[in-house]
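These notes concern the structure reproduced below.
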Amino acid sequence: MPSSAERVHIPVLLQEVLHFLQPKSGGVYVDGTLGLAGHSEAILQASSPDGRLIAFDWDDRAIALAEQSLHKYAGRYQIIRRNFAEIPESLKEQEIGNVDGLLLDVGLSSLQLDMGGRGFSFLQDEPLDMRMDTRREISAKDLLANCSEEELADILYYYGEEKQARKIAAAIVERRKKERITTSKQLSNIVVKAIPRRFHPKKIHVATKTFQGLRIAVNTELENLSVLLEGVTAHLKPGARLCVITFHSLEDRIVKNKFRQHSQLEVVTSKPVVASEEEIRINPRSRSAKLRVATRRV
Ligand SMILES: C[S@@+](CC[C@H](N)C(=O)[O-])C[C@H]1O[C@@H](n2cnc3c(N)ncnc32)[C@H](O)[C@@H]1O
């Protein structure tokens, strides 16, 4: 069981999400990224006494902890362990009908980062897994073992936005001829050595972007977001709100473009909503959060 410290969790942009989502009693809401249930709990509270919540997450550890926070709302919520890209199918299968609002708060939860064990962080020495959903077949070490040098360079360049991608990919391929790369420490050491000191970034660890790129590839994160945003609008009631929080520019660009391109969506936030200085002070993770909101046309 995780310690209480691991359970401390501050949902980002919470007041802003509630402001735009406007949960009401009698409404049906979807949280596509349950995590530790910070937003879900607030939605259930704000939609008392009769609002319903369908929450998705593909990480069984997150679901187990979320259930502890939500049990007091028993009967009003349902948790589904599934990729949020499959929300449209799920809503159809469960005959839920169109919903009044949907929230996505994508990326990793503080649990996945802090509790560790899956190699998300280069600061710890852990098996290089990086699957948020342990039922997925391909882990980070599988990618490192099996991708060609070119594929690895593309993952690091496009998903990690790492300018030194080619150098790092070459170093990975060179190293794997000698030994299997299976731990986060091995990988971060390879990156540290591959990039000349003078190119090490000042504000972030030199391996940050490599880890980001691999994580996005392992979990097909950009594809999931695109697929969901393509398919979900048809499951929103007219006037329903779609709120999406992202943490890096690749995801934000997808949300911005999908909102603009979709004929049934009207953009509510012309610019992304960001955290106040006060929120950033209390929760530094909120610094890079961007919230975009659209509404289903009437
Ligand atoms: C940033 S956390 C959400 C935190 C949550 N809003 C809260 O207040 O506790 C993101 C969660 O989404 C989950 N997740 C990410 N991508 C997913 C996907 N494609 N399908 C289902 N869950 C996903 C992760 O497992 C993680 O638990």
All-but-one check, Ile87 against (1) open to solvent by less than 20 Å² (accessible area, probe 1.4 Å); (2) away from the ligand (no atom under 14 Å from the Cβ), failing number (2)
Go through Glu86, Glu149 for me and flag whichever is of a type in the set (Asp, Glu) and touching a helix residue (DSSP H, G or I) at 6+ places or on another chain (Cβ under 6 Å).
-> Glu149
Criterion: within 25 Å of Pro11 (Cβ to Cβ) and either out of contact with any Cys (no Cβ under 9 Å at 6 or more places or on another chain) or modelled with pLDDT of 95 or more (or both) - qualifying residue of Ile155, Ile168, Ile138, Ile96 | Ile96
Scanning region 142-170 residue by residue, those open to solvent by less than 60 Å² (accessible area, probe 1.4 Å), among the charged types (D, E, K, R) and under 21 Å from Val206 (Cβ atoms) turn out to be Asp154, Glu162
Scanning for something open to solvent by 40 Å² or more (accessible area, probe 1.4 Å), within 12 Å of the ligand (Cβ to nearest atom), in contact with a Ser or Thr (Cβ under 6 Å, 6 or more places away or on another chain) and at pLDDT 95 or above, does region 1-23 turn up at least one residue?
-> no
Scan region 222-232 residue by residue and report those that are surrounded by fewer than 22 Cβ atoms within 10 Å (Cβ to Cβ) and in contact with a Lys or Arg (Cβ under 9 Å, 6 or more places away or on another chain).
-> Ser226, Glu230
Out of region 120-156, which residues are closer than 21 Å to Asn189 by Cβ, outside any loop (DSSP other than H, G, I, E, B) and either of a type in the set (D, E, K, R) or in contact (Cβ under 8 Å) with a residue 40 or more places away in the chain (or both)?
-> Pro127, Ala140, Lys141, Asp142, Leu143, Leu144, Glu149, Ile155, Leu156
Can we say Ile216 is aliphatic (A, V, I, L, M), touching a helix residue (DSSP H, G or I) at 6+ places or on another chain (Cβ under 6 Å) and under 20 Å from Arg253 (Cα atoms)?
-> yes
Expected output for region 212-231 (first residue closer than 16 Å to Ala165 by Cβ, partner of a type in the set (A, V, I, L, M) and more than 13 Å from the ligand (Cβ to nearest atom), Cβ below 7 Å, 6+ apart or cross-chain) is Gly213/Ile155; Gly213/Leu156; Leu214/Ala140; Leu214/Leu143; Leu214/Ile155; Ala217/Leu143; Ala217/Ile155
If you go through region 240-258 one residue at a time, do you hit one that is away from the ligand (no atom under 14 Å from the Cβ), modelled with pLDDT under 95, of a type in the set (Gly, Ala, Ser) and within 27 Å of Lys92 (Cβ to Cβ)?
-> no
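Looking at the structure I just gave you, is His248 farther than 23 Å from Ser110 by Cβ, surrounded by 15 or more Cβ atoms within 10 Å (Cβ to Cβ) and in contact (Cβ under 8 Å) with a residue 40 or more places away in the chain? Let's see the steps before the verdict.
Details: farther than 23 Å from Ser110 by Cβ: no; surrounded by 15 or more Cβ atoms within 10 Å (Cβ to Cβ): yes; in contact (Cβ under 8 Å) with a residue 40 or more places away in the chain: yes.
No; evaluated as a whole, the condition is false for this residue.
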In region 178-227, what residues are closer than 17 Å to Gly119 by Cα, assigned to a loop (DSSP other than H, G, I, E, B) and more than 16 Å from the ligand (Cβ to nearest atom)?
-> Arg180, Ile181, Thr182, His205, Val206, Ala207
Return yes when Val273 is within 16 Å of the ligand (Cβ to nearest atom), open to solvent by less than 20 Å² (accessible area, probe 1.4 Å) and more than 16 Å from the chain's Cα centre (by Cα) and no when it is not.
-> no
Please go through region 36-57 and pick out each residue that is open to solvent by less than 10 Å² (accessible area, probe 1.4 Å) and closer than 21 Å to Val227 by Cβ.
-> Ile54, Ala55, Phe56
Test result for Ala74, within 23 Å of Leu14 (Cα to Cα) and either touching a His at 6+ places or on another chain (Cβ under 9 Å) or touching a residue at least 24 places away in the same chain (Cβ under 8 Å) (or both) | no
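The values are calculated or read from the model by the stated rules, or taken from the named source; none is laboratory data. Just so it is clear, the model here is predicted, and its values are computed rather than measured. With ideal geometry, Cβ positions are generated from the backbone for all residues, glycine too; neighbour counts draw on all protein chains shown. For accessibility, only protein heavy atoms count, side chains too; no ligands or nucleic acids. Shrake-Rupley method; radii C 1.70, N 1.55, O 1.52, S 1.80 Å.
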